[in-house]
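Novice: Below is the structure I would like to discuss, written out as structure tokens.
The values are calculated or read from the model by the stated rules, or taken from the named source; none is laboratory data. Given the structure is predicted, the values throughout are model-derived calculations rather than measurements. Ideal geometry is used to build each Cβ from the backbone, glycine not excepted, and the neighbour counts take in all protein chains shown. Note: areas computed on protein heavy atoms with side chains; ligands, DNA, RNA excluded. Shrake-Rupley method; radii C 1.70, N 1.55, O 1.52, S 1.80 Å.
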Amino acid sequence: MKNVKINWPNKKSSYCAPGVEWLKAAYCADVEIPTGCLGGSCGACEIEVNGEVIRACIATVPDKKELDVDFFSDPYWQ
């Protein structure tokens, strides 16, 4: 299985296997993703992965060559 390169918002990169939970991948890369319910309903853990908004607590790293991650910001919820 190949590793996926993840470019984090703190300008650092890490590698992990596809299928790893996003929160675990972030923890291993020393990146903190805020959490709330850990069940996907509150939206506190939303991140953007290659422009697509996902909830990190219920999603896994996809099988791609490279991913760009950014923290999601909702213009209506500040």
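Novice: Regarding residue 73, is this residue exposed (fewer than 15 other Cβ atoms within 10 Å of the Cβ), modelled with pLDDT of 95 or more and among the polar types (S, T, N, Q)?
Specialist: The answer is no for residue 73.
Novice: Give the residue, chosen from 3, 50, that is open to solvent by 50 Å² or more (accessible area, probe 1.4 Å) and touching a Phe, Trp or Tyr at 6+ places or on another chain (Cβ under 8 Å).
Specialist: Going through 3, 50 in turn, just one is open to solvent by 50 Å² or more (accessible area, probe 1.4 Å) and touching a Phe, Trp or Tyr at 6+ places or on another chain (Cβ under 8 Å): 3.
Novice: Now, a different point. Against the condition touching a Phe, Trp or Tyr at 6+ places or on another chain (Cβ under 8 Å) and among the basic types (Lys, Arg), how does residue 64 come out, does it pass?
Specialist: When the stated conditions are applied, residue 64 does not pass them.
Conditions (1) in contact with a Gly (Cβ under 6 Å, 6 or more places away or on another chain); (2) part of a loop (DSSP other than H, G, I, E, B); (3) not small (Gly, Ala, Ser), marked per residue:
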| residue | (1), (2), (3) |
| --- | --- |
| 11 | no, yes, yes |
| 15 | no, no, yes |
| 26 | no, no, no |
| 38 | no, yes, yes |
| 42 | yes, yes, yes |
| 58 | yes, yes, yes |
| 62 | no, yes, yes |
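Novice: Can you tell me which residues in segment 23-78 are touching a Pro at 6+ places or on another chain (Cβ under 8 Å) and polar (S, T, N, Q)?
Specialist: Hit for segment 23-78 is 60, nothing else.
Novice: Just one of 29, 59, 17, 44 is among the small types (Gly, Ala, Ser), open to solvent by less than 90 Å² (accessible area, probe 1.4 Å) and touching a residue at least 40 places away in the same chain (Cβ under 8 Å); which is it?
Specialist: None of the others qualify; the one that does is 17.
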